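Trainee: Have a look at the structure that comes next, please.
The values are calculated or read from the model by the stated rules, or taken from the named source; none is laboratory data. These numbers come from a predicted model, not from an experiment. Every residue, glycine as well, gets a Cβ built from its backbone with ideal geometry; the counts of neighbours run over all protein chains shown.
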Amino acid sequence: MASRPVVSASAPAWIKGWAKENTDFTPVGLNDYVPPAPQLEDEPVEPVARTARVAWVAAEDRLCDNAKVRLSAKAPETLTLSARTWKCEMDNMFSPSDREPDLVSTDGNPHATRQDKRLTEHVNDQTRTQFEKRSASRGATIISEFAKQLAQTNPDEWADYLHAYRQKLHDPEMFDLNHVRNNQFARDLLSHVLIDKVKIVCCTPIALEQIVSHTGLQVDFVIIDDAHLMTDAMTAVVMSKCPRASLLLVGDTKSPQRVPSLLERMENAGAITHHLKSDYRSG
């Protein structure tokens, strides 16, 4: 028989309420034992002690954006942002917020055949798809977009970054000469947002791993959404970067998934602590 569900004391109040509403929830006392953090070599940044942070992890950016919308509706007073990979976020720190993909155009070419136009449409569709996947300039709820707006709201505090941003747009050669220093300005701003501003970050396992490595962010509670879509490696990445965090895995053991799936092995081992009464997405 599976053990009763346990929700960590560090979990936000709305997580505890959500678990109580959707499960046969019974609080269980936790032991005082805290597992030691693994010794990692060449850790880029030392972890920084901060208040509790929540990471909502999903296998795809699309699922992360969907989770961000639902979480914002559930807890509008809590700052919830989506995150892309660190390179995407850093690239976007020096890119216009209204940036669009570079598309191929056949307008004005009288020699373009119907086949040429159909091929162009196909190439442009692929370009848009890849741009959506890789670009972070997709609205104010992305980490880097929020950071840029914060800098514009506080120009005195982030004057160095704003100068570097304008330099990138108007004098790229000079920007490249100060590339390392300018990137550090952007890194400091992103770290400030992630550590001191955002309460819940929605991202993929790889994005979370990179955020923790580059900023030293400590996550206290991790929700792995659609866990049946996760590979063992993706889940292991989260656990290795957040060794002290409490984890809540949510997934559908009945839907098509990898064989044998992570959830299936957990269920067979008796590690599933509770089942939802209904689809939490429709609640």
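Trainee: Considering only the range 197-213, I want to know if a residue exists there that is touching a Gly at 6+ places or on another chain (Cβ under 6 Å) and buried (at least 19 other Cβ atoms within 10 Å of the Cβ).
Mentor: The answer is no; no qualifying residue exists.
Trainee: A further question follows. Going through the range 86-109 one residue at a time, which ones are touching a Ser or Thr at 6+ places or on another chain (Cβ under 8 Å) and part of a loop (DSSP other than H, G, I, E, B)?
Mentor: Correct list: M93, S95, P96, S97, D98, R99, P101, D102, L103, V104, S105, T106.
Trainee: Related question: Looking at this structure, is T235 modelled with pLDDT under 90, under 18 Å from the mean Cα position of the chain (by Cα) and among the polar types (S, T, N, Q)?
Mentor: In short, yes.
Trainee: Still on this structure, please answer the following. Residue pairs, Cβ under 9 Å, 6 or more apart or interchain, first in the range 239-263 and modelled with pLDDT of 85 or more and among the small types (G, A, S), second assigned to a helix (DSSP H, G or I) and surrounded by 14 or more Cβ atoms within 10 Å (Cβ to Cβ). List them.
Mentor: S240/E209; A245/V238; A245/M239
Trainee: Select from the range 166-215 the residues that are among the polar types (S, T, N, Q) and in contact (Cβ under 8 Å) with a residue 60 or more places away in the chain and write down the one among them that is farthest from R62 (Cα to Cα).
Mentor: N182
Trainee: Next up: Taking the stated definitions as given, is L162 farther than 25 Å from E77 by Cα, surrounded by fewer than 21 Cβ atoms within 10 Å (Cβ to Cβ) and more than 17 Å from the chain's Cα centre (by Cα)?
Mentor: yes
Trainee: Taking interchain pairs and intrachain pairs at least six residues apart, which have beta carbon atoms under 6 angstrom, with the first residue in the range 110-138 and at pLDDT below 75 and the second of a type in the set (A, V, I, L, M)?
Mentor: A136/I142
Trainee: Can you name every residue in the range 177-211 that is among the hydrophobic types (A, V, I, L, M, F, W, C) and out of contact with any helix residue (DSSP H, G or I) (no Cβ under 9 Å at 6 or more places or on another chain)?
Mentor: L177, V180
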